[in-house]
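So the structure is just underneath, and the comments pick up after that.
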Amino acid sequence: MSSAASVQQDPTIIEFDVRTDEMLVNMGPQHPSTHGVLRLVLRTDGEVISEVTPHLGYLHRCAEKIGENVAPIQFIPYTDRMDYLAGMNMNLGYSMAVEKLCGMKIPEKAQVIRVIIAEMNRIASHLVGMGAYGLDLGTFSPFLYAFREREMILDLFEEVCGARLTYSYITIGGVHDDLPEGWLERCEKFLKYLAPRIAEYHTLLTTNHIFVMRTANIGVLTKELALSYGCTGPMLRGSLDRIQGDPDWDLRKIEPYSGYEGYNFKAVMPPFTDDYYDDQEYGVRPRTPHGAVIGDAWHRFYVRMLEVVESMKIAEQALKKYPTAQGSHRIEPPRTLPAGEAYMETECPRGQMGFYVVGRPAKDAVPLRVRARSSSFCNLSVTNKICRGCLIADVPAIVGSIDIVMGEIDR
């Protein structure tokens, strides 16, 4: 027998018919699943991801440097364009930083209006997050449902300030205008309309078998990793365990502002057991599906969906407080900033958004320094860690669960 034939018949020799090479694959910066002009460089071995490197800077607009060349009141419109899905929340954070620097005391009525508007914008933001996440995973219907309700919120915002995306409504000293006549009733009517729709969202996505298979036990972020990277908001809370004694990591709870200490609501945290829900008017909400683990993409999504309900509760309470709230909707800010510095963080839909403002030594209307601490930036920085070992098809599911807005990152 020839040597060639003996080699072919040798059972100890294993022949691989498929060989893979390591590749670098660009995902973005123009890609429907990156939620903005984000470029992800994927290092892959076949279909398996070994490294993900986010590249930023495609949307950079020098917002912070602009803030050092204009008066604070002129900078409010630039904050709208940071997290452009939650412009009201951005307005609030920067306004409060300037108010802290100036030592301003905001009237109760202005505080109540701010809470109503901020929570309505949180609902609208999470609806976009839900609908866009469905698009990332191949389903179009949730996007239509989400924008149906979001359109109604934007109609309410348009009545208040005349704008539908970049508002500049919450401003230094309070809010630009008082709520128009009949607005409270229309807002309350919308919240009653929205309550029974929550079950529809859960049917469309939360309990959808394909959605659960795409998100459960995918992109698992441990509590330790989340804290070491500075993750906040739903990104962090989806990795906490309240039964193990983890704190309510929500600034509205642990460092309340704008009177949030006077409202009854939960900082949403897993595990979602049968005794977790204490309200019946929002219908039965799903429990954790089989296969999902704390810290995975499913939990991050579900935390946002439950936060919609908590924001509805806060808004309903604030609507009842408004008629008896004391003071005006706004007080006039000082013409110049005092010397010194102030930092203020607020709980925005994507996490803790901070603004740092420094007044000049000589009295001036223009700040010496303006800086922003982006929640999305910190949340995105963990992408490489939680994508390792997953498949290419899992990257949109993981990045979508982070729920970033590039305007806030590329500021």
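Data overview
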{"read-out": "Qualifying position, being at positive phi and in contact with a Pro (Cβ under 8 Å, 6 or more places away or on another chain), among GLY238, GLY219, GLY233, GLY245", "value": "GLY233"}
{"read-out": "Odd one out for ALA362, checked against (1) modelled with pLDDT of 95 or more; (2) surrounded by fewer than 23 Cβ atoms within 10 Å (Cβ to Cβ); (3) assigned to a loop (DSSP other than H, G, I, E, B)", "value": "(1)"}
{"read-out": "Residue in the stretch 74-83 that is within 21 Å of PHE147 (Cβ to Cβ), touching a strand residue (DSSP E or B) at 6+ places or on another chain (Cβ under 9 Å) and at pLDDT below 95 present", "value": "yes"}
{"read-out": "Unique match (being surrounded by 24 or more Cβ atoms within 10 Å (Cβ to Cβ), of a type in the set (A, V, I, L, M, F, W, C) and under 30 Å from GLY359 (Cβ atoms)) among ILE73, ILE113, ILE66", "value": "ILE113"}
{"read-out": "Hits in the stretch 374-402 (condition: open to solvent by 10 Å² or more (accessible area, probe 1.4 Å) and not in a helix (DSSP H, G or I))", "value": "SER381, ARG388, GLY389, CYS390, LEU391"}
{"read-out": "Among (1) surrounded by fewer than 16 Cβ atoms within 10 Å (Cβ to Cβ); (2) of a type outside the set (Ser, Thr, Tyr); (3) in a loop (DSSP other than H, G, I, E, B), the one test that LEU221 misses", "value": "(1)"}
{"read-out": "Complete set of residues in the stretch 289-320 that are among the β-branched types (Val, Ile, Thr) and surrounded by 17 or more Cβ atoms within 10 Å (Cβ to Cβ)", "value": "ILE294, VAL303, VAL308, VAL309, ILE314"}
{"read-out": "Residue within the stretch 242-251 that is part of a helix (DSSP H, G or I), under 30 Å from ILE113 (Cα atoms) and in contact with a Gly (Cβ under 9 Å, 6 or more places away or on another chain) present", "value": "no"}
{"read-out": "Matching residues, the stretch 345-357, being at negative phi, assigned to a strand (DSSP E or B) and either crowded, with 23+ Cβ neighbours inside 10 Å or without any contact (Cβ under 8 Å) to a residue 40 or more places away in the chain (or both)", "value": "THR346, GLU347, CYS348, MET353, PHE355, VAL357"}
{"read-out": "Pairs with Cβ under 7 Å, 6+ apart, first in the stretch 289-307 and part of a loop (DSSP other than H, G, I, E, B), second among the acidic types (Asp, Glu) and open to solvent by 20 Å² or more (accessible area, probe 1.4 Å)", "value": "ILE294/ASP241"}
{"read-out": "Those residues of the stretch 169-210 which are hydrophobic (A, V, I, L, M, F, W, C), more than 30 Å from LEU92 (Cα to Cα) and open to solvent by 10 Å² or more (accessible area, probe 1.4 Å), in sequence order", "value": "ALA199, LEU204, ILE210"}
{"read-out": "Residue satisfying condition, being over 18 Å from the mean Cα position of the chain (by Cα) and either closer than 27 Å to PHE265 by Cα or not charged (D, E, K, R) (or both), within set VAL115, VAL52", "value": "VAL52"}
{"read-out": "Unmet requirement for THR34, which otherwise passes all of (1) modelled with pLDDT under 95; (2) more than 20 Å from the chain's Cα centre (by Cα); (3) open to solvent by less than 40 Å² (accessible area, probe 1.4 Å)", "value": "(2)"}
{"read-out": "Subset of the stretch 327-337 [closer than 13 Å to ALA71 by Cα and open to solvent by less than 70 Å² (accessible area, probe 1.4 Å)]", "value": "PRO333, PRO334, THR336, LEU337"}
{"read-out": "Top-ranked residue of the stretch 249-273 - restricted to ones that are open to solvent by 40 Å² or more (accessible area, probe 1.4 Å) and of a type in the set (S, T, N, Q), ranked as nearest to LEU236 (Cα to Cα)", "value": "THR273"}
{"read-out": "Residue within the stretch 92-105 that is within 18 Å of the chain's Cα centre (by Cα), at pLDDT 95 or above and of a type in the set (A, V, I, L, M, F, W, C) present", "value": "yes"}
{"read-out": "Checking ILE170 against (1) modelled with pLDDT under 95; (2) within 19 Å of MET82 (Cβ to Cβ), the condition it does not meet", "value": "(1)"}
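For (1) in contact (Cβ under 8 Å) with a residue 60 or more places away in the chain; (2) within 28 Å of GLU281 (Cβ to Cβ); (3) of a type outside the set (A, V, I, L, M, F, W, C), each residue gets a yes or a no:
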position	(1), (2), (3)
LEU144	no, yes, no
ARG150	no, yes, yes
PHE157	yes, yes, no
GLY162	no, no, yes
ILE172	yes, no, no
LEU179	yes, yes, no
TRP183	no, yes, no
GLU188	yes, yes, yes
LYS192	no, yes, yes
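The values are calculated or read from the model by the stated rules, or taken from the named source; none is laboratory data. Bear in mind that the values here come from a model prediction, so they are computed numbers and not experimental data. Virtual Cβ from ideal backbone geometry, glycine too; neighbours counted across all protein chains shown. Heads up: the accessible areas ignore ligands, DNA and RNA and are worked out on the full protein's heavy atoms, side chains in. Shrake-Rupley method; radii C 1.70, N 1.55, O 1.52, S 1.80 Å.
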